[in-house]
Amino acid sequence: MRMICFASRNTKEMVRDRINLMFGLGFPVVVLLLLTAIQANVPVDIFPLPRLTPGICVFGLSFIALFASMLISKDRSSSLVLRLFTSPMTGSDFIFGYTLPLALMSLGQIAVCLIVAFILGLRASILNNLMLVLTLVPSIVLNIAIGLICGTLLNDKQVGGVCGALLTNLSAWLSGTWFDLDMVGGAFQAIAKVFPFCHAVDAGRAALSGDWGSIFPELWPVIGWAGALLAIAIAIFTLKMKSDSNGKQ
Amino acid sequence: MDAIEIKELSKNFGDKKAVDSLSLNIQQDTLFALLGVNGAGKTTTIKMLSCLSRPSGGDALVMGHSIIHDTQAVKALINVSPQETAIAPMLSTRENLEFSAGIYGYKSAESAKMAQDMIDQLNLSEIASKRARTLSGGWQRRLSIAMSLITEPEVLFLDEPTIGLDVIARRELWHIIENLKKKMTIILTTHYLEEALAIADRIGIMAHGRLMAEGTADSLRAKAGTDDFEEAFIRIAEEEVK
């Protein structure tokens, strides 16, 4: 009950912040529309929807990290956190209370992207669409974990820079959505392969095209990153929240 | 019966002793004011008693439960109104109240009823549907205190509840707090002498992390040998310095 109540409050705080909501849901859709419009005017396949859509979904999820980090850092800097810490809420109430609404918002964001892509002409079976959503689950966890870490360690101005600018750019440039990483090659491609974003996009493309055998080789790095960052996020969150309340006079 | 038994409670931040071997018993249903200048250790004491900050030494029992060994039991019995307003800015007044009840484990139907009761009791109906961030400072503080009252705590901690409020808003809050007397044990920190005099049953004077004296306003005046409470406060607070 406590966790559901906290999750409900967190959902309202995020959904009622119109600027965040417009960026989180609107910006990926605008990019999808823009790139599809460009594609319609060039004779070669630069941004075909079956390849573009999973990329936009992965890119859009980086805004979930921004949502998460903004909410947590604002809570930490306000006196509300003192009220929460003196209540009988437990550590798991906090973690799940923050995570649950973010997970639901992530699924909502993916659904919006898929609906817009369908309107623009994407044709894929319901099963393939569902497989795409499933392959994006580790990316959802990954971005929530990044949000938890940044929100716990940084103030609300800093998270704007780290999650709002750095993460969204990393997610965009290293994902292979805007250009083929094989064409760039060299150190850039090697660095991109270390990060999970291009693997998440390739796994999503495999799911959407029905090439299910190609999903898992690509999904393992994403699962690894997501699992590691989630463990780090929980450890940092628990330690920092204790020290925040204990260390101040 | 004692609601709070504090035994040699201490808190150190590095070399600095923020609270130094504080011992004090507070009777149930008393309004007890911890009075002191800024940095006297009042807020740190409240933070330890509300299980927010772990003591460096000593212990305290809140309604018989240790603040070190039985924190969940203590947290279920208390509520705190922090020094700054502690509200969820994007929620309405009613939603804030329901949220405050919900995080103490009340079901949504119960929370809704309790929120309505609180709105009626504290005359919050005109702001019930307004988002908290749009309220004036005085209304926000009133809401913050209402969020602490909604769970009907056995012990309520009010940390500098009227700081930053204008005279009228302060008087209104005093009236609200006075109406709570005898219904619950209230520990109030303040550095306003007139506030402690106006509403407290007993007053503890803190300075340099130590409890310098404790008693009724009259007994503190008598102890300091003066009829002027401000003078009595200064004499007692500066006792150690001399």
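How fast does the stretch B:1-131 diffuse by Stokes-Einstein, in µm²/s, taking the Kirkwood radius from C-alpha pairs at 25 °C and 0.890 mPa s? Let's see the in-between values first.
Details: Rh = 16.7 Å.
Using the Kirkwood radius from Cα pairs, D works out to 147 µm²/s.
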From the cross-link list A:LYS240/B:LYS42; A:LYS157/B:LYS47; B:LYS11/B:LYS223; A:LYS242/B:LYS75, the entries with a Cα-Cα span beyond 21 Å are A:LYS240/B:LYS42; A:LYS157/B:LYS47; B:LYS11/B:LYS223
Amide H neighbours of B:LEU34 at under 5 Å, excluding residues fewer than 5 places away on the same chain, with H built from the backbone geometry, are B:LEU188, B:THR189, B:THR190, B:GLY204
Percent relative contact order for chain A, counting Cα pairs under 8 Å at least six residues apart, stands at 28 percent
A chain fully extended from B:ARG54 to B:LYS16 at 0.36 nm per residue, minus the present Cα-Cα distance, gains in nm 12.1 nm
Highest GNM mean-square fluctuation among B:GLY14, B:GLY137, B:GLY102, for chain B with Cα springs under 10 Å, belongs to B:GLY14
Most fluctuating of B:MET118, B:MET206, B:MET147 in the GNM of chain B (C-alpha, under 10 Å) is B:MET118
A correct Stokes-Einstein calculation for chain B, using the alpha-carbon Kirkwood radius, 25 °C and 0.890 mPa s, returns a whole-number D in µm² s⁻¹ of 133 µm²/s
HN-Hα couplings for the stretch B:125-140 via Karplus (6.51, -1.76, 1.60; θ = phi - 60°), in whole Hz with x for Gly/Pro, come out as 4, 5, 10, 4, 9, 7, 5, 4, 5, 8, 7, 6, x, x, 5, 4
With -39,500 (n - 2.57) per DSSP H segment of 4 or more residues and division by the full residue count of chain A, the 222 nm estimate, nearest 500 deg cm²/dmol, is -25500 deg cm²/dmol
Per the rule of 0.36 nm per residue minus the C-alpha distance, extending A:SER77 to A:LEU170 adds in nm 30.8 nm
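Can you pull the Kirkwood radius for the stretch A:63-135, inverse mean 1/r over Cα pairs, to one decimal in Å?
Over the stretch A:63-135, the inverse of the mean reciprocal pair distance is 14.8 Å.
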In a Gaussian network model of chain B with springs linking alpha carbons closer than 10 Å, the residue among B:LYS17, B:LYS183, B:LYS113 that fluctuates most is B:LYS113
Sequence order, the stretch A:194-200: Karplus ³J(HN,Hα) from phi using 6.51 cos²θ - 1.76 cosθ + 1.60, θ = phi - 60°, Hz rounded, Gly and Pro as x, gives 5, 7, x, 5, 5, 5, 5
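Around B:ARG221, what is the net charge, scoring Lys/Arg as +1 and Asp/Glu as -1 over all other residues with Cβ under 14 Å from its Cβ?
Residues close to B:ARG221 contribute a combined charge of -3.
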Diffing the stretch B:164-176: the Karplus 3J(HN,Hα) column from phi (6.51, -1.76, 1.60, θ = phi - 60°), in whole Hz with x for Gly and Pro, holds x, 8, 6, 4, 5, 4, 5, 4, 4, 5, 4, 4, 4
B:ILE168 and B:ASP201 label points (each 7 Å along its Cα→Cβ direction) are spaced in nm at 3.3 nm
Helix-only [θ] at 222 nm, chain B, -39500 (n - 2.57) per DSSP H run of 4+, per residue, nearest 500, equals -11000 deg cm²/dmol
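Taking each pair of distinct Cα atoms in the stretch A:168-249 once, what is the resulting Kirkwood hydrodynamic radius in Å?
14.7 Å
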The ratio Rg/Rh over the Cα atoms of the protein assembly as shown, Rh being the Kirkwood inverse mean 1/r radius, stands at 1.10
The answer for B:ARG210, listing residues at least 5 apart or on another chain whose modeled amide H is closer than 5 Å to its amide H, is B:ASP20
Under a 1.4 Å probe, counting only protein heavy atoms, A:PHE188 has an accessible area in Å², nearest 10, of 70 Å²
For chain A, the Cα-Cα pair-distance distribution in 10 Å bins from 0, as whole percents, is 7, 31, 34, 19, 7, 1, 0
Rounded to the nearest 5, the percent of antiparallel DSSP beta bridges in the protein assembly as shown equals 55 percent
The extension gain from A:ILE232 to A:PHE188, computed as 0.36 nm times the residue separation minus the Cα-Cα distance, is 13.2 nm
Mean projected area, convex hull of alpha-carbon positions in the stretch A:112-200, reported to one decimal in nm², is 7.3 nm²
Distance in Å, no decimals, from the C-alpha centre of the stretch A:16-62 to the one of the stretch A:73-129 is 20 Å
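The values are calculated or read from the model by the stated rules, or taken from the named source; none is laboratory data. The structure presented is a predicted model; accordingly, all values stated were derived computationally and were not measured. We place every Cβ from the backbone using ideal geometry, glycine too, and count neighbours over all the protein chains shown. Only protein heavy atoms, including side chains, enter the accessible area calculation; ligands, DNA and RNA are left aside. Shrake-Rupley method; radii C 1.70, N 1.55, O 1.52, S 1.80 Å.
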